[in-house]
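Some notes on the structure that comes next.
The values are calculated or read from the model by the stated rules, or taken from the named source; none is laboratory data. This structure is a prediction, so every number in the text was calculated from the model and none was measured. Because the Cβ atoms are built from the backbone with ideal geometry, glycine has one as well, and the counts that use them run over all protein chains shown. In case anyone asks, the SASA skips ligands and DNA or RNA and just uses the protein heavy atoms, side chains included. Shrake-Rupley method; radii C 1.70, N 1.55, O 1.52, S 1.80 Å.
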Amino acid sequence: MLRKILIVLAVFIALIFVWNASWRVPPPADAKVALIAHRGVHQTFDNNGLGNDGCSAERIETPTHGFFENTLPSMEAAFAAGADIVEFDIHPTTDGQLAVLHDWTLDCHTEASGVTREQSMPFLKTLDIAYGYTADGGKTFPFRGQGVGMMPELREVLAAFPKGRFLVNFKSNEVREADMLAAVVDDDPVWRDEIWGVYGGDPPTMRAQKLLGIDNAWTRKATIDCVTQYAGLGWTGYVPGPCRNTRIMLPINVAPWLWGWPNLFLERIEAAGSEVILLGAFEAGDPGTSGIDTLEELAKVPQGFDGYLWTNKIEVIGPALKGTPDGA
């Protein structure tokens, strides 16, 4: 009796794996990869153990170029290197503008201190955003003085790249940030087309999606819910609610554990109205923004992948994938 039960169980498990086999679906014949350049062309750094509050400027790699994250030159270089979309971060200022800067405080990258959103835009314009960069533990600061006045305001970005596409990251849960973004877009209808997507804190992200009427909006919580629920239920072919009509940021080392990866999984996700943004490998202590940053990682992307690649090294990945000139 036990033997029969084990045989039935083994057959059942085998059928599940066949039902979820990627080879059941061929890769899309017209697959197209789009590149999202995280922070533009920038000084990359060691993510290991950084967390959300660590100072990235204190751990940059040996510089190979002179671009600084979230600046107009870095965005221009990213597009030149093959980026389809450039990601940047925004903070409201005390005078009602939206500063483009990653950090919650000024202490890491600039010579000033304090909370970013508690400053005025004219004051932020006086700062050196390259002040804190060091690749040798503080022995030298190679870019000091080179980033003065380079922190842009959102309108500057949109005006500078009329044909650009941007992913906006809300750094807080304040709904007003979505209202401010919508007000900026209302100033010039052309700018609406430049906002490809929004993500970050749930309240502003969902509010912005409604105000701007865009499909590319998602939150960290929804992404985690999608991955965990699909891991538990996807073997049936069911795509859970959090995976529907959204964009899913998926680490490349997590993806192979999902039912049907890559071809069948991507077909199911597309049928559910969603798309995948493939990240770099996730490791403990990683804030979740690792990218496809080396040619070795790029080689791990499944043939026929039809979605977006997230990269911190667009100057490397863009030319390799698209044959564009090196933007750096």
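A few points about this structure:
- Tyr199 meets all of the listed conditions (1) part of a loop (DSSP other than H, G, I, E, B); (2) within 22 Å of the chain's Cα centre (by Cα); (3) buried (at least 19 other Cβ atoms within 10 Å of the Cβ) but one, namely (1).
- Residue count, region 92-118 (criterion: assigned to a loop (DSSP other than H, G, I, E, B), of a type in the set (A, V, I, L, M) and open to solvent by less than 10 Å² (accessible area, probe 1.4 Å)): 1
- Filtered residue count, region 55-91, keeping only those that are in contact with a Pro (Cβ under 9 Å, 6 or more places away or on another chain), surrounded by fewer than 24 Cβ atoms within 10 Å (Cβ to Cβ) and within 17 Å of Gly323 (Cα to Cα): 2
- For region 1-27, residues that are within 28 Å of the chain's Cα centre (by Cα) and exposed (fewer than 15 other Cβ atoms within 10 Å of the Cβ) total 1.
- Residues that are within 18 Å of the chain's Cα centre (by Cα) and surrounded by fewer than 21 Cβ atoms within 10 Å (Cβ to Cβ), drawn from region 231-245: Asn245
- Filtered by the rule that a residue be open to solvent by 60 Å² or more (accessible area, probe 1.4 Å) and of a type outside the set (Lys, Arg), region 143-159 gives Gln146, Val148, Glu156, Ala159.
- Among the criteria (1) in contact with an Asp or Glu (Cβ under 8 Å, 6 or more places away or on another chain); (2) open to solvent by 30 Å² or more (accessible area, probe 1.4 Å), the one Trp259 does not fulfil is (1).
Results for (1) touching a residue at least 12 places away in the same chain (Cβ under 8 Å); (2) assigned to a strand (DSSP E or B); (3) exposed (fewer than 14 other Cβ atoms within 10 Å of the Cβ), shown as yes or no for each residue.
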{"position": "Ile214", "(1), (2), (3)": "yes, no, no"}
{"position": "Ala217", "(1), (2), (3)": "yes, yes, no"}
{"position": "Lys221", "(1), (2), (3)": "yes, no, yes"}
{"position": "Gln229", "(1), (2), (3)": "yes, no, no"}
{"position": "Leu250", "(1), (2), (3)": "yes, yes, no"}
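- Scan of region 28-54 for residues that are buried (at least 20 other Cβ atoms within 10 Å of the Cβ), of a type in the set (Gly, Ala, Ser) and more than 22 Å from Trp196 (Cα to Cα), ordered by number: none
- Residue match in region 42-49 (condition: assigned to a strand (DSSP E or B) and more than 29 Å from Gly304 (Cβ to Cβ)): yes
- Top-ranked residue in region 23-41 [being part of a loop (DSSP other than H, G, I, E, B) and modelled with pLDDT under 90; ranked as nearest to Leu321 (Cα to Cα)]: Lys32
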